[in-house]
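Take a look at the structure below.
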Amino acid sequence: MKRRFLTTAMRESLVAEQSVARFRLFECAFTVAFLLYMGRNLLHPMEWLTAEGFHLAEGLQRPGSLPPFPLLPSWGVPIFTGALLWSGWIVGFRSRWRRFGFGALALLALYAEGVDSASAFALNKIYGAGFIFLLFAPGYGGNPPRGSVMSVRVFQMMLLTIYFATGFTKVYGGDWLIHTDVVWSHAQGYYCTEFAAFLLRHLPPFGWTIVQYSVIVFELGAPVWFVWRRTRPFAILFGLSFHLGIALMMQAVWVFSLQIVTFYVLFLPEKTAANWLNRLTDVGRNLLRNGTRD
């Protein structure tokens, strides 16, 4: 009897059909974050996508990188941009066709890594893997949407794995437990912003040490802090502060913070997510109506 109860409870928690408004909200947030990431790169499209810019030759990329993809001609840049906007529009406003959008976004993420592996890093890999899973994820329907909670669990686990793996490498193989000034040193150099420079001038050394150890505790304990309901609000609050700090202190790294924060939507209460989703849906419908009238 007890074993049957545990099996039923596990099934309800991992694969049961229930409201998945937070998953639909995550789909939209994840897509918007990707479009903003691509949009940042498209501020200099010719340098990024065509032969006008610098690109690593084959054999010079990091181990495990994709081989260099063919660069676009100048007339191909508007097509690439249009494909991005079309795919994002489908995901946001045509939910029944969203799988076409996710398939296109996965290919665009794959191309972005192959054409410029030097700036892609793990950021692009997370987007690529995320869109591939969204392409094949179990479907849902209704208002609020209902479907298998498995999709929610997979992306929740992805976030917790990223955090734990990052914390693990800091401790084992890194120097975060050997030196107390690691964060202080990271705040300097090429990525240093005006805000980081201000903190470097005014924050005492023990303050940087507190930040350093709090980050380790947060990342290694993420599977506990986010799963346990009592600590989840504090984990979300700390995580948001953590990624805001990264965005403010390191130039151009805000795209990574934005990407990770989109996963926090999956830990919202379902009712809260449903309310947000309804409001965003109403805003989207109004925009479409006004655009059609104009």
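Bear in mind these aren't lab numbers, they're just calculated from the coordinates by the rules spelled out. Predicted, not measured: the structure shown is a model, and the values here were computed from it. Cβ: placed from backbone, ideal geometry, glycine included. Neighbour counts: every protein chain shown.
Just grab the label-to-label distance for ARG229 and THR180, each label 7 Å out from Cα along the Cβ direction, in nm (one decimal).
4.0 nm
Please check which bits of segment 121-138 a label hung off ALA57 would reach, taking the label as a point 7 Å along Cα-to-C-beta and the cut-off as backbone N under 11 Å.
Correct set: none at all.
So for the chain, averaging the separation of alpha carbon pairs under 8 Å that are six or more residues apart and normalising by length, what relative contact order in percent results?
Once divided by the residue count of the chain, the mean separation gives 24 percent.
Pick the calculated semi-axes √(5λ) of the Cα gyration tensor in Å for this structure from [x] 48, 28, 16; [y] 49, 21, 19; [z] 31, 30, 19?
The calculated read-out lines up with [z].
Using the Kyte-Doolittle scale, find the helices of the chain whose mean hydropathy is at least 1.0 and whose Cα atoms extend 24 Å or more along the helix's long axis, counting only whole DSSP H runs.
Helix filter hits for the chain: 76-93, 117-136, 150-171, 232-249.
With r defined as the distance between the Cβ atoms of ARG201 and GLU17 and R0 fixed at 41 Å, what FRET efficiency is calculated, to the nearest 0.05? Could the numbers behind the result be given before it?
On the way: r = 55 Å, r/R0 = 1.35.
Computed FRET efficiency for ARG201 and GLU17 comes out at 0.15.
Which one, MET249, VAL211, GLY141, projects farthest toward the positive side of the charge dipole computed for the chain from Cβ point charges (K/R +1, D/E -1)?
It is GLY141.
To make sure I understand, if each residue's beta carbon is the centre and we count other beta carbons within 10 Å, what order do LYS170, LYS271 fall in, fewest to most?
Placing the least packed residue first, the sequence is LYS271, LYS170.
Is it possible to state the helix-based mean residue ellipticity at 222 nm for the chain, with each DSSP H run of 4+ residues giving -39500 (n - 2.57), the sum divided by total residues, to the nearest 500 deg cm²/dmol? What is it? It would help to have the intermediate numbers written out before the result.
Details: 14 runs with 202 residues, N = 294.
It lands at -22500 deg cm²/dmol.
Between LEU71 and LEU36, 0.36 nm times their residue separation minus their Cα-Cα distance comes to what?
Separation in residues times 0.36 nm, less the Cα-Cα distance, equals 10.5 nm.
Among SER95, LEU110, HIS44, whose Cα sits farthest toward the positive end of the charge dipole of segment 18-148 (+1 at Cβ of Lys/Arg, -1 at Cβ of Asp/Glu, about the Cα centre)?
So the residue furthest toward the plus end is SER95.
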